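Trainee: Please see the structure below; I have some questions.
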Amino acid sequence: MRYSSCGYLILSHNKKQLDKGKQMTQYQKTLGPIQGMAMTVTTFIGTGLMILPAMSVTQAGSFAFYAWLITAVMIIPIALIFALLGARYPSAGGASHYIGRAFGSRYEKAVGWLFLSILLVGPAVAIKVAAAYLAIIFKTSDQWILVFSLITLAGMLVFAIVGMQTSARFQTGIVLVMIATILWLCFIGDIQATSQVIESPVTRSEWQQTLYATGVIFWCFLGIEVMAHMGAEFKNPARDFPIALLGGITIVILAYLSLVLLIAWHHTYGDEVTNSQSLALLVSKLMGETSSRVFAAGAYIIAFANVAIYILGFSRMVQSMAQQGALHKTFIGLNKNGAPEKAVLLVGVITLLSILFSELSGWKMAWFIEMTNGSFLIIYTLTCIAAIKLVNRTAQVLAMVALLSCGFMVFFIGKSMFFAMIVFCLALLYEYMKAPKSPVEESNLHIL
């Protein structure tokens with residue numbers, strides 16, 4: 001089953017907390033490298049495809065192509081670490097399982113709070129992207145995007161409350177249509193001519209412009225964690241998992257790079273609204289306004305489905321944390337459809353406040369994306385540190401390289417990292433204040 005990267009990650013964390021005692025033999029080992037590759041592609045291609053290429057061109061200009069390549073190079077060692085850990089310690093818990101295994105339950109629970117904090121910054125971006133496509137469908141001005149955002153949020157909450165189920169075939173079909181659309185746009189948009197927009201950074205300022213764009217591009221690769229959850233379902237994890245992960249990432253990078261070149265060549269980028277609507281504007285230039293509105297409708301459906309799962313994932317996490325005693329027990333209850341109704345409403349209120357804050361504060365959408373990236377980057381950094389403790393000496397070298405990549409990304413994301421760092425430190429402090437440290441966990445804290 002395919003979820004949006006953040007939503008699936010949170011649902012998997014919740015599943016791990018609820019089913020901690022289950023044996024790995026309960027997972028059906030049915031995945032091969034081809035199926036795993038397809039799952040990787042469907043994980044990464046979603047709402048980000050509609051905005052990240054245009055945002056990267058806006059930030060890096062003619063150097064955007066190299067910004068994507070640099071981000072991909074930095075992400076590969078991190079992906080290999082997740083592939084290695086997923087093959088060696090297959091678990092539905094993914095990163096939280098590895099971190100808990102290495103450093104104890106308090107770190108594992110602190111990661112849960114960090115996941116939940118993403119609700120403050122993440123959904124607002126994706127919902128505004130969806131709303132921007134509604135504005136194209138109904139041919140309204142940009143002032144309607146806030147109204148469309150609120151309508152979209154309300155619709156997502158209704159679906160979550162009635163107990164939404166996601167069809168794997170539907171999600172996979174959507175991604176296949178998107179890839180086919182990208183190939184068609186490459187054909188009619190003269191992809192060969194777009195190489196003229198590629199420029200290599202030379203001066204220090206050009207390199208800074210290129211590297212800082214990676215702080216936004218990193219959002220594309222948050223789904224690395226998702227595949228780690230699936231390690232238990234591969235027939236031969238040690239052989240198939242790395243092939244599936246790296247092969248899928250290669251396909252995704254090619255898709256994004258194609259759109260970066262097309263958007264730069266046809267100039268469908270600029271301010272936040274233009275970036276949010278960039279693909280529809282590209283389709284309009286190449287195929288006409290009617291095709292653009294049809295594409296916008298499809299894009300809205302994709303965004304709605306992805307973010308609705310995102311919302312449902314947060315609701316399930318709220319329910320899980322209430323069961324653990326971290327939140328009030330009122331959020332444990334389910335309605336007749338099996339959905340955590342009160343948890344959904346709590347998530348809805350927080351998301352509403354986030355949308356209103358983003359609108360009234362005037363903060364750039366890139367800042368919200370970078371704060372979300374910062375949260376996941378801390379999780380990835382902790383996973384790399386955990387890997388140094390969990391793997392053999394040969395793999396420890398790879399873990400160190402991956403940790404170095406995380407360090408570079410921390411520098412490029414910059415001050416947006418403070419949000420995640422503050423949340424994680426407060427969460428860890430809270431977990432340590434609840435109960436005295438055991439000797440083992442005290443030793444683990446000293447090692448970290």
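The values are calculated or read from the model by the stated rules, or taken from the named source; none is laboratory data. Note that this is a predicted model, so its numbers are computed, not measured. Every residue, glycine among them, receives a Cβ derived from its backbone with ideal geometry; neighbour counts consider all protein chains shown. Accessible surface areas use protein heavy atoms only, side chains included; no ligands, DNA or RNA. Shrake-Rupley method; radii C 1.70, N 1.55, O 1.52, S 1.80 Å.
Trainee: Cα gyration tensor of region 53-138, axes a ≥ b ≥ c as square roots of the eigenvalues: rounded (a/c below 1.5), prolate (a/b > b/c) or oblate? Write out the running numbers ahead of the final one.
Mentor: Numbers: a/c = 2.83, a/b = 1.50, b/c = 1.89.
Note, shape of region 53-138 comes out oblate.
Trainee: For region 343-424, what are Rg and Dmax over the alpha carbons, in angstrom?
Mentor: In Å, with Rg to one decimal and Dmax whole: 16.5, 51.
Trainee: To the nearest 10 square angstrom, how much accessible area does Arg239 have with a 1.4 angstrom probe?
Mentor: Its accessible surface works out to 130 Å², give or take rounding.
Trainee: Amide H of Phe234: which non-local residues (sequence gap of 5 or more, or other chain) have their own amide H closer than 5 Å, using H built in the peptide plane?
Mentor: Residues meeting the amide H criterion: Leu31.
Trainee: Take the residue pairs Lys364/Lys434; Lys109/Lys336; Lys364/Lys389 and return only those whose Cα atoms are more than 32 Å apart. All intermediate terms of the calculation are to be shown ahead of the outcome.
Mentor: Details: Lys364/Lys434 37 Å; Lys109/Lys336 29 Å; Lys364/Lys389 39 Å.
The pairs that break the limit, which is 32 Å between Cα atoms, are Lys364/Lys434; Lys364/Lys389.
Trainee: While we're here: At 7 Å along the Cα-to-beta-carbon direction for both Gln208 and Val273, put a label point, then send me their distance in nm to one decimal.
Mentor: About 3.2 nm, to one decimal.
Trainee: In addition: When the accessible area of region 191-296 is split by element with a 1.4 Å probe, what percent falls to carbon and sulfur?
Mentor: Taking all protein chains in place, region 191-296 shows 57 percent carbon and sulfur surface.
Trainee: Classify region 230-344 as rounded, prolate or oblate from the Cα gyration tensor: take a ≥ b ≥ c as the square roots of its eigenvalues, call it rounded if a/c is under 1.5, otherwise prolate when a/b beats b/c and oblate if not.
Mentor: Numbers: a/c = 2.98, a/b = 1.50, b/c = 1.99.
Oblate is the answer for region 230-344, as a/c is 1.5 or above yet b/c matches or exceeds a/b.
Trainee: What is region 180-289's relative contact order, in percent, from Cα pairs under 8 angstrom and six or more apart in sequence?
Mentor: On the way: 46 pairs, mean separation 41.9, N = 110.
The normalised contact order for region 180-289 reaches 38 percent.
Trainee: Hey, another quick one. Which one, Phe412, Tyr430, Ser320, projects farthest toward the positive side of the charge dipole computed for region 295-448 from Cβ point charges (K/R +1, D/E -1)?
Mentor: Working it through, the farthest residue towards the positive pole turns out to be Ser320.
Trainee: Now, a different point. With a cut-off of 8 Å between alpha carbons and a minimum separation of six or more residues, what is the relative contact order of region 334-418 in percent?
Mentor: Relative contact order here is 29 percent.
Trainee: So what's the net charge close to Gly348: Lys and Arg +1, Asp and Glu -1, counting the other residues with Cβ under 11 Å from its Cβ?
Mentor: Numbers: positive: Lys342; negative: Glu341.
Its environment carries a net charge of 0.
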